[in-house]
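Just so it is clear, none of the values below were taken in a lab; they were calculated from the coordinates. Everything numeric here is computed off the predicted structure, so don't read it as measured data. Every residue, glycine among them, receives a Cβ derived from its backbone with ideal geometry; neighbour counts consider all protein chains shown.
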Amino acid sequence: MEKTFAIIKPDAVAAGYSGKIIDRIEKEGFKIVAMKKIWMTKKMAEGFYAVHKDKPFFNDLTTFMSSGPSIVMILEKENAIADWRKLMGATNPANAEEGTLRKEFGKNIDNNAVHGSDAPETAAQETRYFFADIEMV
Ligand code: CMP
């Protein structure tokens, strides 16, 4: 079994899509190993997205991610990393396939509803950033 790290971003939480997204996660066979609602500070968002610190969108991204509550989760299933990325759809909702979460709930490349780790190393690193062992069940 593989684990991945996921976020329901502030746009989707504010729009009231959390329940629909969580329902979809469970219907697609993911087990929710950990979940909590948090309001990231700008500093937390900057640390989390440090890999993008030199990108032109870094300030907008970290301002958006600290603009309201998010839901952070650890999801488990076989091929969790790839399957969660497939369920999310393309980063830009305009390019996301029908049936994906970003197509249904994303507005644009900045407000794209959900995040997911891209590899086992980043999944472990992102998980550690937000969760202690005692929070994983
Ligand atoms: P996410 O999967 O959370 O990872 C980084 C985020 O940066 C991405 O989703 C987008 O919401 C945001 N972003 C904004 N502009 C870009 C861009 N040009 N390329 C990639 N990601 C971008």
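Determine if the range 24-46 includes at least one residue that is free of Cβ contacts under 8 Å to residues at least 40 places away in the same chain, acidic (Asp, Glu), over 20 Å from residue 107 (Cα atoms) and away from the ligand (no atom under 15 Å from the Cβ).
Checking the range 24-46: at least one residue is free of Cβ contacts under 8 Å to residues at least 40 places away in the same chain, acidic (Asp, Glu), over 20 Å from residue 107 (Cα atoms) and away from the ligand (no atom under 15 Å from the Cβ).
Does the range 25-35 include one or more residues that are within 18 Å of residue 10 (Cα to Cα), within 14 Å of the chain's Cα centre (by Cα) and not β-branched (Val, Ile, Thr)? Working first, answer last.
First, the residues of the range 25-35 that are within 18 Å of residue 10 (Cα to Cα): 25, 35.
From what is left, the residues that are within 14 Å of the chain's Cα centre (by Cα) are 25, 35.
Narrowing further to those that are not β-branched (Val, Ile, Thr): 35.
Yes, there is a match, as at least one residue in the range 25-35 is within 18 Å of residue 10 (Cα to Cα), within 14 Å of the chain's Cα centre (by Cα) and not β-branched (Val, Ile, Thr).
Out of 101, 61, 87, which single residue is within 15 Å of the ligand (Cβ to nearest atom) and under 12 Å from residue 6 (Cα atoms)? If you could, list the steps in order and put the result at the bottom.
On the way: 101 fails: under 12 Å from residue 6 (Cα atoms); 61 fails: under 12 Å from residue 6 (Cα atoms).
Of the residues listed, the single one that is within 15 Å of the ligand (Cβ to nearest atom) and under 12 Å from residue 6 (Cα atoms) is 87.
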